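**Q** After the C-alpha cells below, expect a handful of questions from me.
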Amino acid sequence: MQDNHLYEYAVIRVVPSVEREEFLNVGVILYCRQQKFLRAVYTLNEEKLHALSPETDVNTIRPYLDAFVEISKGSKAGGPIGALDLASRFRWLTATRSSVVQTSRVHPGFCSADAEDTLMRLHRQLVL
C-alpha cells in the first residue's frame, strides 16, 4: 500500500479590481511537509484576463507571480521571505491580502509519493 502524505494547497488568483471581487485562477501553490516540498506554478492567460479586465497591465502582474515561484523555491530572488523555512514561506504566501494577486483559502488533501504530480494535476484542473 502506498503511503499517503498530507498536503495543503491554495489557488493563486489575479483580482484586477479588488472592489468587484472578480478573479482569474492563474496558479497553484502546494506544500507537503513530509516530502519537504513547496512549489508554486502559474499560467497567466492574458486573453482571459483582458476579457475580465481590459485595462489590466500584465507586465505589472507578472513580477508578483514570479515572486510566488521564487519564494516557494527558497531562492535568493525570493528575498528575506525566501530564506524562511518551508512552512513559514507557505504561510506567508497564503496569508490573506487585499491586492491584485491573492490566494484562495488553504485546502488539504492526500497525495502519494510524488507531490509534484499532485501539483501539476491541481494546476490542470483549477487553472488550465
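None of the figures in this text is laboratory data; all of them are computed from the coordinates on show. Since we're looking at a predicted model, the values are computed, not measured. Every residue, glycine among them, receives a Cβ derived from its backbone with ideal geometry; neighbour counts consider all protein chains shown.
**Q** Output the residues belonging to the range 32-83 that are loosely packed, with under 13 Cβ neighbours inside 10 Å, outside any helix (DSSP H, G or I) and either among the β-branched types (Val, Ile, Thr) or at positive phi (or both).
**A** Lys36
**Q** Right, here's the next one. For the range 3-30: of the residues being hydrophobic (A, V, I, L, M, F, W, C) and in contact with a Phe, Trp or Tyr (Cβ under 8 Å, 6 or more places away or on another chain), which is farthest from Val100 (Cα to Cα)?
**A** The residue in question is Leu6.
**Q** Mind listing whichever residues of the range 1-21 are assigned to a loop (DSSP other than H, G, I, E, B) and under 17 Å from the mean Cα position of the chain (by Cα)? Before you say what the answer is, go through the steps one by one.
**A** Step one: filter the range 1-21 for residues assigned to a loop (DSSP other than H, G, I, E, B), giving 1-4, 15-21.
Within the range 1-21, Val15, Pro16 meet the criteria.
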